[in-house]
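This report concerns only the one structure given below.
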Amino acid sequence: MHMILIRNLRHTYPGTRRQSARNALRDLSLEIPAGQFCILSGPNGSGKSTLFRILCGLAAPSSGSVSIGGHDLATAPERIRPLMGVVFQSPAVDKNLSVQENLTLHADLHGLRGTAAGRMTEALAWSDLKDRLGDRVETLSGGLARQVELAKCLMTRPQILLLDEPTTGLDPASRRSFILALRRLQRDRKMTVLMTSHVFSDAEFADSVAILRDGALMAHDTPDRLKAMVGTEMVVIRPRDPAAFATVLETGFSRRPVRYGDELRIENIPPAEAVPLIAAVLDHHRADVLSIGVKQPDLEDVFVHVTGRGAAFAADAEPSDSRARQPELTA
Amino acid sequence: MTSPKTAAVALESTTVTLPDTALPAGDLPAPRLLGPAFALARREFTRFIRQPHRVIGSLGQPLLFWIFLGAGFTPSFRPPGMEGMTYMEYFYPGVLMMMILFASIFSTITVIEDRDQGFLQGVLVAPVPRLAIVLGKVAGGSSIALFQSFLLLLAVPFLGLPVTLSGIALVVMAMVLSAFGYTALGFAIAWRMKSTSGFHAIMMIFLMPLWLLSGALFPTAGVPGWLSTAMALNPVAHALTIVRAPFYADAATALASPAYLTSLAVVVGWVALCLWWCASRVSRRDKGVQG
């Protein structure tokens, strides 16, 4: 069963006198099966935040439908709200209140009177907050404050958890422990999790990763299969003049590089050819090359690949199963 | 719930499988209005108490107004038919009203702060009726305003007003109604505002006239016609009527007076209207347009 089912979603922000109307989502369709941990990624302005606002019921789309837990979001939001926990990017806790007061307030909003104490213990069991219950949230570190957000949401035992960039502003260690705790909770409680993230190390833990660009879904697959799209190895070159060197590579080495910022990438190189290619490039063009290396693709490379040249990708989408799942890509 | 295996299969499938059964939404208990509203109101008041400068500022300003203006105007205050009344005494209900008005409206600045800091969106996604969010915020703001004005009410015994116990009960009721009306008004205006400075500007050009034309500063008798019309339309003037009258009459006398009852009806209607306005604003979602 699909826990979150998004069909042909479009969202256009109304124009103002100074700004014309803006399409944030263009015909987006996405399905997230129950019990999955899905990461939603994409560059700034790709429509992630808009999608997130629609999913948590704060905005109504121009057209298309969203069904969560089998309920239609447009007509029955009051049936969906009790199923859902939402962790926002900006903290939705009151910094002037203590941890305990925040949790109690949340319990009251959800009508958990009576069961609140037990639920609180349960929601805090995984966290590092047990000795900090009486402290005001403003005195907590960023990582602990994030734990309050998550604990707050867990109190209502949600079946669906939506998180918007929950690891923003955390140091790598706190980020990792937050994600690991989240992943464990998600498995234990069989929750469906949809989380937006910029951080590719986050995505390694996910069941599936959806990549958005310009309001459309570019890819949605498991991390492994997404990585396979880029091939097994790639050569990454930082030349002095990327534009000129791209021509050099195409004419002199018959390789068509992908430019990303100052980098040129030759993707999907058979393992045996990478080192000879590097040697050949250095032999002839040592002075033009700042750095060169061979690299195993990670999710960041997938992201670069998918969002950096989305149109080309759509035309030569290699894995047939991926094409079948996203028929809108071939359009 | 599906097992990981079936979930994986679902990811493979190319066809759209519509969920056959909808998840029970905790079989949707009757909308709880008062519990969540009370929780939000309590949070509002707790925050206020934890910011001492807010308490001092909101208490000090009307008190200074009252003492300075009262002392300054008393020698020249001789309105017809109010002989023997000092300006300190005349102005007292007006100061009460000012305190309620300003404290109520400015407590709703926290709507903008809540939105800014993200607290509000957490409340909006909670499964509570939208009216509960309004009531919580409005009751919280009102309780802050009433807390301050009740402190000022302690001055009553020293003013020599002919007030009765039942009269005081009516005064308190009028204060509660006024506080709700003003807070709801501030809430509705603050809801869409992006900055607190913008809110300050709007409220100053909007609030000051409401209060100035309420009869708080000067008696309504003998003012020019246009001013008297403006005062008759001003809900704050009616709120002031129902606050001032019970200081000079016991409850039975006040409730028998048509003028008092008219003002009471206007204030009740205005509170209801403002609350409805708030609820309709909160229920509105940003709608995408066809493009």
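We did not get these values from a lab; they are worked out from the coordinates using the rules stated. The structure presented is a predicted model; accordingly, all values stated were derived computationally and were not measured. Using ideal geometry, Cβ is built from the backbone for each residue, glycine included, and neighbour counts are taken over all protein chains shown.
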### Query
Out of every Cα-Cα pair in region B:63-213, what percent are more than 22 Å apart?
49 percent
### Query
Within straight cross-link reach of A:Lys48, meaning Cα distance under 30 Å, which lysines are found once same-chain residues fewer than 8 apart are removed?
A:Lys95, A:Lys152, A:Lys190, A:Lys227, A:Lys295, B:Lys5, B:Lys194, B:Lys287
### Summary
Applying the gyration tensor rule to the Cα atoms of region B:33-290 (axes a ≥ b ≥ c; rounded if a/c under 1.5, else prolate if a/b exceeds b/c, else oblate), the class is prolate
#### Entry: Neighbouring partner chain Cβ atoms per residue of A:181-193, average, 10 Å criterion
1
### Task
From the P(r) of chain A, can you give the percent of Cα pairs sitting at distances over 39 Å?
24 percent
### Task
Write down the radius of gyration of the protein assembly as shown and its Dmax, each obtained from C-alpha positions, in Å.
31.5, 108
### Given 12 as the ceiling on other Cβ atoms within 10 Å, longest exposed-site-free region of chain A for trypsin sites (Lys or Arg not before Pro) in DSSP loops
A:131-239
#### Entry: Derived scalar couplings ³J(HN,Hα) [region A:60-70; Karplus, 6.51 cos²θ - 1.76 cosθ + 1.60; whole Hz; x for Gly, Pro]
10, x, 5, 7, x, 9, 10, 10, 10, x, x
### Query
Helix B:165-190 versus the longest principal axis of chain B: what is the Cα-based angle in degrees, 0 to 90, to the nearest 10?
50 degrees
### Task
Tell me which residues come under 5 Å, amide H to amide H, from A:Leu161 once H is placed; ignore anything under 5 positions away on its chain.
A:Gly85, A:Thr192, A:Val193, A:Leu194
### Task
Rounding to the nearest 20 debye, state how big the charge dipole of chain A is about its Cα centre with +1 on each Lys and Arg Cβ and -1 on each Asp and Glu Cβ.
840 debye
#### Entry: Charge dipole (debye, nearest 20) of the protein assembly as shown; +1 at Cβ of Lys and Arg, -1 at Cβ of Asp and Glu
1020 debye
### Query
When the helices in the protein assembly as shown are scored as -39500 (n - 2.57) per DSSP H run of 4 or longer and the sum is shared across all residues, what 222 nm value do you end up with, to the nearest 500 deg cm²/dmol?
-16500 deg cm²/dmol
### Message
What is the angle, in °, between the Cα long axis of helix A:142-154 and the longest principal axis of the Cα atoms in chain A? Nearest 10 is fine, range 0 to 90.
### Response
60 degrees
### Query
Taking the highest mean first, how do the peptides B:223-230, B:135-142, B:186-193 order by number of other beta carbon atoms within 10 angstrom per residue?
B:135-142, B:186-193, B:223-230
### region A:6-158 shape via C-alpha gyration tensor axes, a/c threshold 1.5
prolate
#### Entry: Helix axis angle, A:99-109 relative to chain A longest principal axis, alpha carbon, degrees
80 degrees
